[in-house]
Amino acid sequence: HALLDARDEASVRVLILTGAGEKSFVAGADIGELAVQTPVKGKEFSLYGQNVFHLLETMGKPSICAINGFALGGGCELALSCTIRIASKTAKLGQPEVKLGILPGYGGTQRLARLCGKGVAHELCLTGEMITAEEALRIGLVNHIHEPAELLAAAELMAKKIMANAPLAVKYAMEAIERGVEAPQEEGLFLEATLFGLSCSSEDMREGTKAFLEKRPAHFKGQ
């Protein structure tokens, strides 16, 4: 419901997701709930989570994940669904599901392989081991790491940089990346050209180019 509200509220330009407190971003699912899953209920549980994270990934507004602690299982999968990930230097990430006799069910096997490559996805999903923020940065799982006290301010600064740009251009760039990465390059390039053409019809494009030529800040309206 929060995602749908944010998607439909024009004043919301960027989402920042972080955990309450200092210990965890999201520590994972309730093991008691997992322990009683049946095959049918287990599949429904997985599909429901996948649908929520798909909404986050495709809602047309960028999301910045500020990983302030443990991001395990579904927590790591939530981070993978965000547009950009930054982490506290004390954060720990992992997909420990195999230690419970299951596998990631909220998109971890798919997004991790696409973001960091099959080798990394195999290692994290098959060993179930946690990795440090520094290792997550090295393998491309997070974009930046920060001191814990600086994490939220860094997320807000990045959000402000995005919000300074044309909303439609941001939306179309995200769509080109999200959909294009799943397609052959030729199809991705065609999608990019189509979205580029759409952006050229916007008031924001005319304002942005005019502001540049007039050497003044642009005032975008998302139209």
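The values are calculated or read from the model by the stated rules, or taken from the named source; none is laboratory data. Since the model is a prediction, treat every value here as computed from it, not as a measurement. As a convention, Cβ positions derive from the backbone with ideal geometry for all residues, glycine included, and neighbour counts pool all protein chains shown. Note: accessible area is taken over every heavy atom of the protein model, side chains too, but ligands, DNA and RNA are not part of it. Shrake-Rupley method; radii C 1.70, N 1.55, O 1.52, S 1.80 Å.
General observations
- Breaking point among (1) of a type outside the set (Val, Ile, Thr); (2) within 23 Å of residue 158 (Cβ to Cβ); (3) open to solvent by less than 60 Å² (accessible area, probe 1.4 Å), for residue 13: (3)
- Filter pass, residue 115 being under 16 Å from the mean Cα position of the chain (by Cα), assigned by the TED database to the domain that holds residue 85 and crowded, with 20+ Cβ neighbours inside 10 Å: no
- Only residues that are in contact (Cβ under 8 Å) with a residue 60 or more places away in the chain and surrounded by 16 or more Cβ atoms within 10 Å (Cβ to Cβ) were counted across the stretch 142-174, and they come to 13.
- Per-region count, the stretch 179-223, residues within 23 Å of residue 59 (Cβ to Cβ), open to solvent by 60 Å² or more (accessible area, probe 1.4 Å) and of a type outside the set (Lys, Arg): 12
- Of the criteria (1) part of a loop (DSSP other than H, G, I, E, B); (2) not assigned by the TED database to the domain that holds residue 25, which one residue 142 fails: (2)
- Sub-7 Å Cβ pairs linking a first residue in the stretch 59-85 that is under 16 Å from residue 177 (Cα atoms) to a second residue that is open to solvent by 20 Å² or more (accessible area, probe 1.4 Å) and of a type in the set (Asp, Glu), at least 6 apart or interchain, are 81/57, ordered by first then second residue.
- Enumerated strands (runs of 3 or more DSSP E) restricted to the stretch 18-101, each holding at least 3 residues that are in the same structural domain as residue 158 (by the TED database), touching a His at 6+ places or on another chain (Cβ under 9 Å) and open to solvent by 40 Å² or more (accessible area, probe 1.4 Å): none
- Residue list for the stretch 102-112, restricted to those being part of a helix (DSSP H, G or I), under 16 Å from residue 129 (Cα atoms) and open to solvent by 30 Å² or more (accessible area, probe 1.4 Å): 109
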